[in-house]
Amino acid sequence: MTFPYKLVATDLDGTLLREDDTVSERTREALAAATAAGAAHIIVTGRAVPWTRHILDDLGYEGLAVCGQGAQVYHAGEHKLLTSLTLDRQLAGLALSKIEAEVGPLHLAASRDGLEGEVLVGPGYQVQEGPLPYLFVDDATEMWTAPLNKVYIQHPELDDDALAFAARAAAGSLVDVVMAGAGVVEILPLGLSKATGLSLAARRLGVKAADTIAFGDMPNDIPMFGWAQHGVAMANAHDDLKAVAHEITASNEDDGIAVVLEELLRSAPVQPAR
């Protein structure tokens, strides 16, 4: 059997993971079949490594993972950080000043760099319910005392799309701004995206964009879809991602990744025996 792609790139939240943070048996089997047919699987997530490692370990995943919106390439089998790009804190501070000058005070959180980097949460920032660890700080200035890979911003009145749009308009020449999920708007190093991280990981595997199928659900997946040969949006995806997708599959709750991979496997030509 010849699988049509050499690389399957999957986002994590809202794509590979169901709402309970698990991966269905059907999706696990479809990914295993795709890799058995010759494709590599790379997880590409906005989560930094400390918020991703436990999921990769649970999956028995030992390959490369792109974390932190492309900032980190992580070798899951070796528990080793291969590359890591940090956010210029002075530039980020200037960007936040420009954004606040337009929209008023923001609530902040920040993700520290490294394998053990904590997520620090400042006053007023609303943390989503769930198992992911974070450290609350009374004084937001504590966030800036060590290298960061991203800063999270929230606004008391603006919704995610409006905040991301306003932040991009105010500071888009200094930093990148992405909306990565409900209540998750992030400030990143300028030019960083899932596509830059995925291209680095793919190069290590000797795989090209033309050999890649990518799955995602949020606007931060748009660059990855632009890089890959074929982009598949989940049924639960943001409208902005659906607008640029080559295909829309079932939701993350309904095994959307498996639906596509199973069809590709069924239609893959069988190599004749020698």
Put +1 on the Cβ of each Lys and Arg and -1 on the Cβ of each Asp and Glu in region 18-100; which of Q69, T22, P50 then has its Cα farthest toward the positive end of the dipole?
Q69
Report the one residue of V119, V177, H107 whose Cα lies farthest in the direction of the positive end of the charge dipole of region 91-188 (charges on C-beta: Lys and Arg +1, Asp and Glu -1; origin at the Cα centre).
V177
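Note the full-extension length gain between T22 and L205 as 0.36 nm times their separation in residues minus their Cα-Cα distance, in nm to one decimal. If you can, show how the numbers build up before the last one.
Working: separation 183, 0.36 × 183 = 65.88 nm, distance 2.68 nm.
Value of the extension gain: 63.2 nm.
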Estimate the FRET efficiency between T145 and D240 by the formula 1/(1 + (r/R0)^6), using the beta-carbon distance for r and 41 Å for R0, to the nearest 0.05.
0.70
Between S173 and E129, what FRET efficiency follows from the Cβ-Cβ distance if R0 is 35 Å, with the result rounded to 0.05?
0.45
Can you pull the one-decimal nm distance between simple spin-label points at Q90 and D138, each 7 Å off the Cα toward Cβ?
3.1 nm
Would you calculate, for the chain, the mean residue ellipticity at 222 nm contributed by helices, counting each DSSP H stretch of 4 or more residues as -39,500 (n - 2.57) and dividing by all residues, to the nearest 500?
-8500 deg cm²/dmol
For the chain, the convex hull over Cα atoms projects on average to an area in nm² of 14.2 nm²
For K6, which lysines qualify as cross-link partners when the Cα separation must be under 23 Å and same-chain residues fewer than eight apart are set aside?
K194, K208
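Just to be sure I understand: of the beta bridges DSSP finds with both ends in region 1-100, what percent are antiparallel, rounded to 5?
55 percent
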Of L158, L120, L241, the one that fluctuates the most in a GNM where the chain has Cα springs shorter than 10 Å
L158
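Order these peptides, 184-193, 42-51, by their mean beta-carbon neighbour count within 10 angstrom, highest first.
42-51, 184-193
Please state the charge dipole magnitude for region 1-143, taken about the Cα centre, from unit charges on C-beta atoms (+1 on K and R, -1 on D and E), reported in debye and rounded to the nearest 20.
560 debye
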Shape of region 1-46 from its Cα gyration tensor (a ≥ b ≥ c, root eigenvalues): rounded if a/c is under 1.5, otherwise prolate when a/b > b/c, or oblate?
oblate
Difference of contour (0.36 nm per residue) and Cα-Cα distance, H79 to E100:
3.7 nm
Mind grabbing the accessible area of H79 for me, 1.4 Å probe, Å², rounded to tens?
90 Å²
Assign one of three labels to region 137-267, namely rounded, prolate or oblate, based on the Cα gyration tensor with a ≥ b ≥ c the square roots of its eigenvalues; rounded applies when a/c is under 1.5, prolate when it is not and a/b is larger than b/c, and oblate otherwise.
prolate
With a 1.4 Å probe and all protein chains left in place, how much accessible area per residue does region 110-170 have, in Å²?
55 Å²
State the percentage of accessible surface on the chain attributable to carbon and sulfur atoms; use a 1.4 Å probe and exclude ligands, DNA and RNA.
52 percent
How big is the Rg/Rh ratio for region 194-247, C-alpha atoms only, Rh by Kirkwood, two decimals?
0.98
Based on DSSP, what percent of beta bridges with both residues in region 157-235 are antiparallel, to the nearest 5?
60 percent
Just to confirm, what accessible area per residue do you get for region 1-78 at 1.4 Å probe, in whole Å²?
35 Å²
Could you work out which residue, out of G93, G231, G14, moves most in a Gaussian network model of the chain, that is, has the largest mean-square fluctuation with Cα springs under 10 Å?
G93
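The values are calculated or read from the model by the stated rules, or taken from the named source; none is laboratory data. Just so it is clear, the structure is predicted and the values come from calculations on it, not from any experiment. As a convention, Cβ positions derive from the backbone with ideal geometry for all residues, glycine included, and neighbour counts pool all protein chains shown. These area figures cover heavy atoms from the full protein model, side chains too; ligands, DNA and RNA do not enter into them. Shrake-Rupley method; radii C 1.70, N 1.55, O 1.52, S 1.80 Å.
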